[in-house]
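Chemist: First the structure, which I've put down as structure tokens, then a few questions once you've had a look.
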Amino acid sequence: MDWPHDPDGEKGSEGRRKYGHAVIAKKIDEEADFPLSAEEFVAEYGDHPVRIDYETVVSVADIFEHVDGSEFEDFPEFHKALGRALRSADYWPYRLEHA
């Protein structure tokens, strides 16, 4: 995919130092952006790359295809919805073993 900026540059995953939630979270101002509209967020950032792991990069829009909810009142609500979306899309690189 032709990204608007380098997925591993300072606008992306910062040289592969930031992944998933961290890449998306740095696009948000907790004080000014809430309530946050998912539609507006995707309109602004949908084509931006998000590094999932050392070999996988997807777009913000790809992740938001799995996000439940259209508006989020605060950052914790948004962060939880994003986590559920990453797991349901199998973009979450960590697996918990259940006994």
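The values are calculated or read from the model by the stated rules, or taken from the named source; none is laboratory data. Quantities reported herein were computed from a predicted structural model and do not represent experimental measurements. Cβ atoms come from the backbone with ideal geometry, glycine included; neighbour counts cover every protein chain shown.
Chemist: Quick one: how many residues across region 50-69 are charged (D, E, K, R) and surrounded by 16 or more Cβ atoms within 10 Å (Cβ to Cβ)? Outline the logic, then answer.
Modeler: First, the residues of region 50-69 that are charged (D, E, K, R): 51, 53, 55, 62, 65, 68.
Pick out the ones that are also surrounded by 16 or more Cβ atoms within 10 Å (Cβ to Cβ) and you get 51, 62.
Residues that pass the stated criteria total 2.
Chemist: Return yes or no: is residue 21 surrounded by fewer than 14 Cβ atoms within 10 Å (Cβ to Cβ) and in contact (Cβ under 8 Å) with a residue 40 or more places away in the chain?
Modeler: Numbers: surrounded by fewer than 14 Cβ atoms within 10 Å (Cβ to Cβ): no; in contact (Cβ under 8 Å) with a residue 40 or more places away in the chain: yes.
The answer is no for residue 21.
Chemist: Hey, can you tell me all the residues within region 24-41 that are in a loop (DSSP other than H, G, I, E, B), under 13 Å from the mean Cα position of the chain (by Cα) and touching a residue at least 40 places away in the same chain (Cβ under 8 Å)? Break it down into steps so the answer makes sense when it comes.
Modeler: Residues of region 24-41 that are in a loop (DSSP other than H, G, I, E, B), as a first pass: 26-35.
Those left that are additionally under 13 Å from the mean Cα position of the chain (by Cα): 26-28.
Within region 24-41, 28 is the sole residue that qualifies.
Chemist: Sticking with this structure for a sec: Considering only region 1-23, I want to know if a residue exists there that is basic (Lys, Arg), within 14 Å of the chain's Cα centre (by Cα) and part of a loop (DSSP other than H, G, I, E, B).
Modeler: Our first condition is that a residue be basic (Lys, Arg); within region 1-23, this holds for 11, 16-18.
Now drop any that are not within 14 Å of the chain's Cα centre (by Cα), which leaves 11, 18.
Keeping just the survivors that are part of a loop (DSSP other than H, G, I, E, B) gives 11, 18.
Looking for residues that are basic (Lys, Arg), within 14 Å of the chain's Cα centre (by Cα) and part of a loop (DSSP other than H, G, I, E, B), one finds at least one in region 1-23, hence yes.
Chemist: Just to be sure before I move on: is residue 41 aromatic (Phe, Trp, Tyr), in contact with an Asp or Glu (Cβ under 9 Å, 6 or more places away or on another chain) and more than 18 Å from residue 3 (Cα to Cα) in the structure I sent?
Modeler: Numbers: aromatic (Phe, Trp, Tyr): yes; in contact with an Asp or Glu (Cβ under 9 Å, 6 or more places away or on another chain): yes; more than 18 Å from residue 3 (Cα to Cα): no.
Judged against the criteria, residue 41 is not a match.
Chemist: Something else about it: Would you call residue 72 without any contact (Cβ under 8 Å) to a residue 40 or more places away in the chain and crowded, with 18+ Cβ neighbours inside 10 Å? Outline the logic, then answer.
Modeler: On the way: without any contact (Cβ under 8 Å) to a residue 40 or more places away in the chain: yes; crowded, with 18+ Cβ neighbours inside 10 Å: yes.
Criteria met by residue 72.
Chemist: I'd like the full set of residues that are part of a helix (DSSP H, G or I) and either more than 17 Å from residue 25 (Cβ to Cβ) or modelled with pLDDT under 90 (or both), limited to region 80-99. Steps first, answer last, please.
Modeler: Start the filter on region 80-99 by keeping residues that are part of a helix (DSSP H, G or I), which leaves 80-88.
The answer is 88, and nothing else.
Chemist: For region 42-69, how many residues meet the condition of being β-branched (Val, Ile, Thr) and assigned to a strand (DSSP E or B)?
Modeler: Just the residues of region 42-69 that are β-branched (Val, Ile, Thr), to begin with: 42, 50, 52, 56-58, 60, 63, 67.
Narrowing further to those that are assigned to a strand (DSSP E or B): 50, 52, 56-58.
Adding up the residues that qualify gives 5.
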